[in-house]
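Trainee: Here it is, the structure, as structure tokens.
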Amino acid sequence: MFAASRLTTAFLALVLAAAASAATSPTAQDARVRELLARMSLEEKIGQLNQYSSRELKTGPGSDEDLVAMVTRGQIGSLLNVIGAEETRKWQKLAVESSRHHIPLLFGLDVIHGYRTVFPIPLATAASWDLALIERAERIAATETAAAGVHWTFAPMVDISRDPRWGRMSEGPGEDPYLAAAIARARVHGFQGDDLAAVDTVLACVKHFAAYGAAQAGRDYFTTDVTERVLRDVYLPPFRAAVDAGVGTVMAAFNDLDGTPASANAFLLDRVLRREWGFRGFVVSDWASIREMLEHGNVANLHEAGLKAFAAGLDMDMESNAYRDTLAADVKSGVIAPARLDAAVTAILTAKARLGLLDDPFRYSDESREKATLLKPEFLAAAREAACRSCVLLKNEHGILPLATGNITVGLVGPLADAPYDQMGAWHGRGRKEDSITLLRALEQLLPPERLKFAAGCAANDLETAGIVAARRVAEESDVVIVAVGEGADQSGEATSRASLDLSGPQLELLREVHAAGKPIVLVLLTGRPLMIEAVEPLVDAILVAWHPGTMGGPAITDVLTGAYNPSGRLPVTWPRSVGQIPIFHAQKNSGRPQPKSASDRYYSHYIDSPNTPLYPFGFGLSYTHFEYDQLRLSAPRIQPDAALSVTVRVRNAGARAGEDVVQLYLRDHVGSVTRPVRELKGFRKISLAAGEAQDVSFTLTPAELAFWRADMTFGVEPGTFSVFVGANAMAPLTASFEVEPAVRAASR
Ligand code: GLC
């Protein structure tokens, strides 16, 4: 009987599952969207193209439209910055009940590195080089976001940046297209999972399309002027990876590219995104970016801006009012083809269908699930692990780290030592400072009061220095001093470009005063980007970059400082000596005068007041153990252009404790139809080795890694000599060479 009833139950479940999947299968969804579209009026279609922000939480210079009236009139397809199960349910009810076809709203939010459980900033998790960790972090972010009634995150941000003056470097994957593409795939999979209708997945949005990080002078929103070859070799690969990973939406960038604002750039939005890459989702503008075409000087009025943007392929207007009032007339007059409008509305309705919103508009607005989901202990544990694995150890003289905290007095100074809001960094979603555990709080858990001294000493970004005396006294009373400085959250992210990247405010003065006490110093940098510490470096014995580590930053930094976790982060960006070197990155060209012929020669590419080399190279990071690389071997001395080459290296943990290293493979194409970078990352693997353990690590180089945009703007491999470099950063010396032969014609093979 029991068996029989179990069989019946199982059979019933199978039938229901089949029925449900039939209702949500793409073909059924497509039919449903087509049927809905056929019933919609021109005004209702245009209503789906408009997105506005909650007035309570603005993430840009906001308009003050009457949202209730517009939602009631079916003039809004999406709201951003409306959050929480209760609030989203309220707005959804208004939309569904007041619109003729009961079309639900799409709720969007910037969940850039966590919703309530704040993970380290994206540049930090990029420093982990750990794709599984990155995907898991986004999975958790999606789970919390969906539980809060939000369907769509404006992430991943994949803008390559080689200029730390640009504050948004903190939101991105760093300087390298290969690492960025791998990270983009991981983040999209983390957010979207395998089923957008699941209540722990959200629609992702890869941004900002494109080359936003190439802003001249590092000034946010500023013009970008890159060649098509640089665009395709450097800035587009992570977007392509996100599209190939199935990202549902794309956000156009603020900048103009080659003279055309990205919001109306048909080369980007139509030719590349749709015709070359086959993207089938929809494109949303950035905040008022269509309207800003007037400031760009690319259009004479808002009507023209809307017309150009929509014609170029921009589907949804965030906060410009550029489609709402004029697009209907353009369709009626034939300036805009009805098919173009239907394509945009179909893409938006399809996203809503994939999320399950046409079946149940309220499926994500569940207050009990919201309460049960946010800040789960396992989410906080994952955030702590992510923060540990993102820390990069840049210096560790005399093995001062890990700290032997058993019998020493630790002094802790600096404005970022007990800064629960600042450690969350920019774009910290709905993170709350009361949930943040700071370095001070974490050390208090570890050390008895008599062996922990604290004084903030100063703020990160004002000129008050009265507190520095107390910090000096803490140093004098301690055996070792931890100095936690860097950037506040409001000094990082959007609209925070800096002309100077020195330690801001009196932080350098604080450090010098503490140094004068003559005790060993561990510098902990909490920052959204590389800061210029060349003058600081000699004053300290150890340097740990914790970036903006999020909710669990304090415990994570403590885990690393005490050796509970052996640091394994590696720089995802080159760390300059000075702002004067910017842009500086590993994949630079050789130039015609790369180094002097003789010591007396001065006619070569260099500065007369600084080395060319960075303070720390891309991929660099120390461990509490050390690794040796040898036995580099290639599977062949020469290959055909369509063949693959295997590269193997032996890595040994030559130290006394277990640790992880990021084995990095770089490539140089010595002669090309255009000049080629001296090194390009083409493979990486994070491995863990016990003390004394050795392991062979192999990579496969395929034509995809050897190819580039050639002089004739075709993408492919060219014959010639190549070198590989394998090691623990972009200046790894271990090298081997191989030849790519001219293609042998099939007949003569
Ligand atoms: C902002 C940002 C963008 C964000 C959007 C919505 O201006 O540029 O990254 O997703 O507006 O908040």
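The values are calculated or read from the model by the stated rules, or taken from the named source; none is laboratory data. If you're wondering where the values come from, they're calculated on a predicted model, not measured in any experiment. All Cβ positions, even for glycine, are placed from backbone atoms using ideal geometry, and neighbour counts span all protein chains on display. Note: accessible area is taken over every heavy atom of the protein model, side chains too, but ligands, DNA and RNA are not part of it. Shrake-Rupley method; radii C 1.70, N 1.55, O 1.52, S 1.80 Å.
Trainee: Name the shape class, rounded, prolate or oblate, that the alpha-carbon gyration tensor gives for segment 9-369, where a ≥ b ≥ c are the square roots of its eigenvalues, rounded holds for a/c under 1.5, and otherwise prolate holds if a/b is larger than b/c and oblate otherwise.
Mentor: It comes out oblate by the Cα gyration axes.
Trainee: Which value, in Å², gives the accessible area per residue of segment 508-585 when a 1.4 Å probe is used on the protein heavy atoms? Kindly include the intermediate steps, with their values, before the conclusion.
Mentor: Values: 1660 Å² over 78 residues.
Value for segment 508-585: 21 Å² per residue.
Trainee: How much of the accessible area of the chain, probe 1.4 Å, is carbon plus sulfur, in whole percent?
Mentor: 54
Trainee: Considering only protein heavy atoms, what is the solvent-accessible area of W277 at a probe of 1.4 Å, reported in Å² to the nearest 10?
Mentor: 30
Trainee: Moving on. In terms of the Cα gyration tensor, with a ≥ b ≥ c the square roots of its eigenvalues, is segment 578-687 rounded because a/c is under 1.5, prolate because a/b exceeds b/c, or oblate?
Mentor: Oblate, since a/c reaches 1.5 and b/c is not below a/b.
Trainee: Cross-link partners among lysines for K308, C-alpha distance below 27 Å, same-chain residues fewer than 8 apart left out?
Mentor: K45, K58, K207, K332, K352
Trainee: If you don't mind, there's one more thing I want to ask. Which of the lysines could a cross-linker span from K597 if the Cα-Cα distance has to be under 26 Å and same-chain partners fewer than 8 positions apart are dropped?
Mentor: Candidates past the 8-residue exclusion: K589.
Trainee: Relative to the present Cα-Cα distance, how much length would full extension add between E476 and V579 at 0.36 nm per residue of separation? Walk me through the numbers before you get to the answer.
Mentor: Numbers: separation 103, 0.36 × 103 = 37.08 nm, distance 3.36 nm.
Contour length minus Cα-Cα distance gives 33.7 nm.
Trainee: Counting helices only, and only those DSSP H runs with n ≥ 4, report the 222 nm mean residue ellipticity of the chain as the sum of -39,500 (n - 2.57) divided by its residues, in deg cm²/dmol to the nearest 500.
Mentor: Calculated from helices alone, the mean residue ellipticity at 222 nm is -8500 deg cm²/dmol.
Trainee: Counting Lys +1, Arg +1, Asp -1, Glu -1, what net charge surrounds R168 among other residues with beta carbon under 14 Å of its beta carbon?
Mentor: It works out to a net charge of -4.
Trainee: Right, something else. Compute the FRET efficiency between F362 and R340 as 1/(1 + (r/R0)^6), taking r as their Cβ-Cβ distance and R0 = 25 Å, and round to the nearest 0.05.
Mentor: Step by step, r from the Cβ atoms, then E = 0.20.
Trainee: Normalise the Cα radius of gyration of the chain by 2.2 N^0.38 Å (N = residues in it) and let me know the number.
Mentor: Scaled against compact globular proteins, the figure is 1.00.
Trainee: Please report the antiparallel percentage of the DSSP beta bridges confined to the chain, to the nearest 5.
Mentor: So the antiparallel bridges amount to about 55 percent of the total.
Trainee: Can you check what the net charge comes to around S673, using other residues whose Cβ is under 12 Å from the Cβ of S673 (Lys, Arg +1; Asp, Glu -1)?
Mentor: 0
Trainee: Give me the distance in nm between label points sitting 7 Å out from Cα along the Cα-to-Cβ direction at E628 and R219, one decimal.
Mentor: Going from the E628 label point to the R219 one covers 5.3 nm.
Trainee: Would you mind counting up the charge near A516? Only other residues with Cβ under 14 Å from its Cβ, with Lys and Arg at +1 and Asp and Glu at -1.
Mentor: Neighbourhood net charge equals +1.
Trainee: Then there's this: Counting DSSP beta bridges in segment 394-568, what percent are antiparallel, to the nearest 5? Provide the component values of the computation, followed by the final result.
Mentor: Details: 2 of 20 bridges.
The antiparallel proportion sits near 10 percent.
Trainee: I would also like to ask the following. Taking the Cβ-Cβ separation of A707 and R602 as r and a Förster radius of 30 Å, what is the calculated FRET efficiency to the nearest 0.05? Before the final figure, lay out the partial values.
Mentor: Working: r = 38 Å, r/R0 = 1.26.
After rounding to 0.05, the efficiency reads 0.20.
Trainee: Return, for the Cα atoms of segment 627-740, the radius of gyration and Dmax in Å, separated by a comma.
Mentor: Using the Cα atoms of segment 627-740, the pair Rg, Dmax is 15.2, 53 Å.
Trainee: Length gain on complete extension for the stretch R593 to I408, per 0.36 nm per residue less the alpha carbon to alpha carbon distance?
Mentor: Separation in residues times 0.36 nm, less the Cα-Cα distance, equals 61.3 nm.
Trainee: I would also like to ask the following. Ranking request for peptides 379-391, 425-437, 449-461, 697-709: highest mean number of other beta-carbon atoms within 10 Å first, then the rest in descending order.
Mentor: Top of the packing list down: 379-391, 425-437, 449-461, 697-709.
Trainee: Right, next: Give me P(r) over segment 394-568, computed from all C-alpha to C-alpha distances, binned every 5 Å, as integer percentages.
Mentor: 2, 9, 19, 23, 23, 16, 7, 2, 0, 0
Trainee: Let me ask something else. How much length, in nm to one decimal, is gained on full extension between K58 and S98, taken as 0.36 nm per residue of separation minus their Cα-Cα distance?
Mentor: Extra length available between K58 and S98 comes to 11.9 nm.
Trainee: Sticking with this one: Return the distance in nm (one decimal) between the two label points of a simple spin-label model at D609 and A694, each offset 7 Å from Cα along Cα→Cβ.
Mentor: Using points 7 Å along Cα→Cβ, the separation is 4.9 nm.
Trainee: Apply the Karplus parameterisation 6.51 cos²θ - 1.76 cosθ + 1.60, with θ equal to phi minus 60°, to every residue of segment 564-581 and state each ³J(HN,Hα) to the nearest whole Hz, in sequence, with x for glycine and proline.
Mentor: 4, 10, 7, x, 9, x, 9, 4, x, 9, 5, 9, x, 6, 8, 4, x, 7
Trainee: With θ taken as phi - 60° and the coefficients 6.51, -1.76 and 1.60, list the Karplus ³J(HN,Hα) couplings across segment 372-384 in order, rounded to whole Hz; mark glycine and proline as x.
Mentor: After applying 6.51 cos²θ - 1.76 cosθ + 1.60, I find 7, 9, 5, 6, 4, x, 5, 6, 5, 5, 5, 5, 5 Hz.
Trainee: Keeping all protein chains in place and using 1.4 angstrom, which order do R363, R73, R240, R473 fall into by accessible surface area, from largest down? Please list the in-between numbers first.
Mentor: Values: R363 60, R73 150, R240 95, R473 115 Å².
So the residues, ranked largest to smallest area, are R73, R473, R240, R363.
Trainee: Treat each spin label as a single point 7 Å out from the Cα along the C-beta direction, and report the A636 to E434 distance in nm.
Mentor: With each label point 7 Å from Cα toward Cβ, the separation is 6.5 nm.
Trainee: For the pair V744 and K376, what calculated FRET efficiency results from E = 1/(1 + (r/R0)^6), where r is the Cβ-Cβ distance and R0 = 56 Å, to the nearest 0.05? Each step should come with its number before you reach the end.
Mentor: On the way: r = 59 Å, r/R0 = 1.05.
Using R0 = 56 Å, I get an efficiency of 0.45.
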